[in-house]
Amino acid sequence: MAAYHTRSNSLPSRQQHPLIPEFDQQLCRLRSSGAASSSSSSSVASKLSGLQDLHDYLDRFLLLPLNQRALSREQNEKCVDEILEGSLRLLEVCNTAKDALLQIKESTQELQSIMRRRRSGEMNLSSEIKKYLGSRKVVKKALFKAMENRCNFRSLNKDQETVEVVNMMREVESITLTIFESLISFMSGPKSSKSSGWSLVSKIINTKRVACEDIIISNESNEFVSADAALNMLISQKLKKSDIMIEDTAQKELQKLELCIQDLEEGVESHYRRLIKTRVSLLNILSH
């Protein structure tokens, strides 16, 4: 009988509340997109946008007085503490992605500026490109570490006796980590990206009739990996120093990478603000 009263004083069932079906549909779409094997900058940006919509439903649900009363009850304190702990993990992962994007963007812009100022024979780009590729390795290391830490996050099992809004927040945490893992993986490229990049170099060197940029486009949809491969071509000892076509290709790939980063930055920054907003809302609820 006590259990019945606890449940009945909790929240409306999933079938009763009109926000729940909309939340479930968006969650299902995100899970389906997260399970897709292919990944591109547009697909990652789309996932981040979909995540915003999911948080919109959650925030609207948090505004309901019935949910706020349920969260503030003493018997739900442990669940809410777990959610707050999870929100910190999400902010940490999101901040790692933000910092990585900013660092890569700054390095990309600096290298593009150097290449634009360069006149034929005046400057050896090799050292500057190696500096850029070195900074990319540092960022990759930090991103791979973040991905490894993702495996250490404690999974929160759904409890049928837990208030519905807590279960929703657990689901949001889970799908958010999955999508940011996809983002981090896209930014890092595969761990074997060096060999993949040099495979592209080999194809370009050995193909006389096909423009090098066409080969990159046909083999890589990842702007981060394509830019790395184009720069590796430029400093390859097998290429002539005067090969303008390779330099033009590298500049184009860096421009595409910069545009890609701008799109991803908008999504990550927006989500970072959303995470803070949700956390503040939850803390305000608990303080009353």
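The values are calculated or read from the model by the stated rules, or taken from the named source; none is laboratory data. Only a predicted model underlies this, so the values are computations on that prediction, with no experimental measurement involved. Every residue, glycine among them, receives a Cβ derived from its backbone with ideal geometry; neighbour counts consider all protein chains shown.
Annotation note: Cβ proximity below 9 Å between a residue of region 38-61 that is more than 18 Å from R170 (Cα to Cα) and a residue that is at pLDDT below 90 and hydrophobic (A, V, I, L, M, F, W, C) (sequence gap 6+ or interchain) occurs for S43/A36. Would you mention how many residues in region 51-67 are of a type outside the set (A, V, I, L, M, F, W, C) and crowded, with 18+ Cβ neighbours inside 10 Å? Number of matching residues: 3. Do you know which of the residues in region 213-238 that are hydroxyl-bearing (S, T, Y) and surrounded by fewer than 23 Cβ atoms within 10 Å (Cβ to Cβ) is modelled with the lowest pLDDT? Among those that are hydroxyl-bearing (S, T, Y) and surrounded by fewer than 23 Cβ atoms within 10 Å (Cβ to Cβ), it is S218.
Where helices (runs of 4 or more DSSP H) fall wholly inside region 1-116, the ranges with 1 or more residues that are among the hydroxyl-bearing types (S, T, Y) and at pLDDT 85 or above are 19-35, 41-62.
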